[in-house]
1. Conditions: (1) open to solvent by less than 40 Å² (accessible area, probe 1.4 Å); (2) under 14 Å from the mean Cα position of the chain (by Cα); (3) of a type outside the set (V, I, T). Y245 meets all but one. Number of the miss?
2. Just the residues that are among the charged types (D, E, K, R) and assigned to a helix (DSSP H, G or I), please, taken from segment 367-402.
3. Quick one: which of Q401, Q316, Q388, Q320 is surrounded by fewer than 19 Cβ atoms within 10 Å (Cβ to Cβ) and in contact with a helix residue (DSSP H, G or I) (Cβ under 7 Å, 6 or more places away or on another chain)?
4. Hey, among the residues in segment 349-362 that are farther than 16 Å from Q269 by Cβ and in contact with a Gly (Cβ under 6 Å, 6 or more places away or on another chain), which one's surrounded by the most Cβ atoms within 10 Å (Cβ to Cβ)?
5. State the number of residues belonging to segment 411-430 that are over 22 Å from the mean Cα position of the chain (by Cα) and either in contact (Cβ under 8 Å) with a residue 40 or more places away in the chain or part of a helix (DSSP H, G or I) (or both).
6. Count, please, the residues in segment 227-282 that happen to be of a type in the set (S, T, N, Q) and in contact with a Pro (Cβ under 9 Å, 6 or more places away or on another chain).
7. With the structure loaded, tell me whether G334 is touching a Phe, Trp or Tyr at 6+ places or on another chain (Cβ under 6 Å), assigned to a loop (DSSP other than H, G, I, E, B) and either without any contact (Cβ under 8 Å) to a residue 60 or more places away in the chain or crowded, with 23+ Cβ neighbours inside 10 Å (or both) or whether it fails that test.
Amino acid sequence: MKILLVLFLALLAVSACQVSNRPTPHENAQLAVNKQALEHVPVTAQVIKISRKDYRNKLYGFWLGQSIANWTGLVTEMDKIGDIGELKTGNFYITEDWGKADQPSIWGQGVPSDLSDTIDFVFRDPGEVWGSDDDTDIEYMYQHLLATYNTSMLTAEQIRDGWLKHIKKDEENYLWVSNQRAFDLMAQGMLPPETGAPNNNEHFDMIDAQLTTEIFGLFAPSRPDIAIKMAELPIQTTARKDAEYIAKFYVVMHSLASAVDKDMPIKEQLSWMATEARQVLPDTSYAAAMYDYVTQLHDSGIPWEQARDQIYQRYQVNQQDGYDITSKQLYCNGCFAAGINFAASIISLHYGEGDIKQTIKIGSLAGWDSDNPTATWGGLIGFMIGKQGIEKAFDRKFANQFNIHRTRQNFPNDGIDTFENMAETGLKVIDNVVIELMDGSIENNMWIIPVTKK
């Protein structure tokens, strides 16, 4: 499995050079490391065979799991962001708060969530319709664009045109911070990746890319190098530096979900995937320090609440390990910043231990932008266990319809889609990726994917 990461790191090093004409000392050092590593890549090609039929069920699970987790996390979104700065939200939630009354968010004018009176799972029953949100709608749009253009790689013009066509301009458009700034710049004629460059977009280090690009990992099963190649421009549409590293971390994990040893318990599968994806985080970055610190806290055996409280003190209060939100107060102490939400995300990943219900619970209670980590892990675990695995975990059936027009516009069928159709569209995208970017093939409804090449 290390071969995957060797290839991936090599591609990452090349892409890093393309961002700037003058590599940083860290980039030069990383290039040297990757060059040395490439000397040990075997020349004998290996392949992975993946059933398209099985993958369709997994993609269904991705959209269903992400929807359950997204809407559950929205109940507690921005309820608890700490007690520094102008806004004070009181003590963070703990496990015992699950099932109790939801408390107001920072923007709720003293009113709790209208989704649920209590902190609990939010479901849509068969015959009802899931609504899109900012944790699902840009990913939906990117999949639609890849399928519409019949391509494996979106161009800057295609991304810009897609954003301008499908995102509302003069009414509520469910964009915030970096996404909103990038959208405004596109409307002025600017193309990605300049829309995410720090000199153009002051919110380049916010959470946005984490919400919008994980799906590219699923478009390149078992090949994180290809996943990063596909995702880099969409990520850089809104993100740079640690926000970009974190987004790539999630992309790699989603790609590796198809390469992991399925005989291991899901807890161990996720641990392996996260450990491998950790290599995309430069050791000098605060993102790497956060991952390592949360992992250390988890391995020490302390409860998740104590781990959460310690990351709050270390990063939001003391701003250690190079995590600086001094200039990013945004009226809520940097609560939309990529970093603090990444740290909270890793808490729910580690302590959830692969149990989709427990992972969503912890993510929802952890604080800050709580619908984001829940949507990420609900989608990934949902992909890994598939539709039937989700139904078994919750002991119930769910709605299969999805309304993209809740937040976006100008899609077919007045915006009403189904998870079956969304999964089928994903397969068609991957067909192109396997043939065009992986030099693979499709035989007997199986993808034949080369893992290493000469």
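1. Looking at each condition in turn, Y245 falls short on (1).
2. Result: D371, K387, E391, K392.
3. Working: Q401 fails: in contact with a helix residue (DSSP H, G or I) (Cβ under 7 Å, 6 or more places away or on another chain); Q316 fails: surrounded by fewer than 19 Cβ atoms within 10 Å (Cβ to Cβ); Q388 fails: in contact with a helix residue (DSSP H, G or I) (Cβ under 7 Å, 6 or more places away or on another chain).
Residue meeting the stated conditions: Q320.
4. Out of the qualifying residues, it is I362.
5. 5
6. We begin by selecting, within segment 227-282, every residue of a type in the set (S, T, N, Q); these are 236-238, 255, 258, 269, 271, 275, 279.
The next check asks that each one be in contact with a Pro (Cβ under 9 Å, 6 or more places away or on another chain); those that pass are 236-238, 255, 258.
Of the residues in that region, 5 qualify.
7. When the stated conditions are applied, G334 does not pass them.
Quick grid of which residues meet (1) under 21 Å from F249 (Cβ atoms); (2) more than 17 Å from the chain's Cα centre (by Cα); (3) open to solvent by 10 Å² or more (accessible area, probe 1.4 Å):
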| residue | (1), (2), (3) |
| --- | --- |
| Y149 | no, yes, yes |
| E172 | no, yes, yes |
| D184 | no, yes, yes |
| A187 | no, yes, yes |
| T195 | no, yes, no |
| E202 | no, yes, yes |
| F219 | yes, no, no |
| D225 | yes, no, yes |
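The values are calculated or read from the model by the stated rules, or taken from the named source; none is laboratory data. Please read all numbers here as calculations on a predicted model, not as lab measurements. Using ideal geometry, Cβ is built from the backbone for each residue, glycine included, and neighbour counts are taken over all protein chains shown. Just the protein is used for accessible areas: all its heavy atoms, side chains included, with ligands, DNA and RNA removed. Shrake-Rupley method; radii C 1.70, N 1.55, O 1.52, S 1.80 Å.
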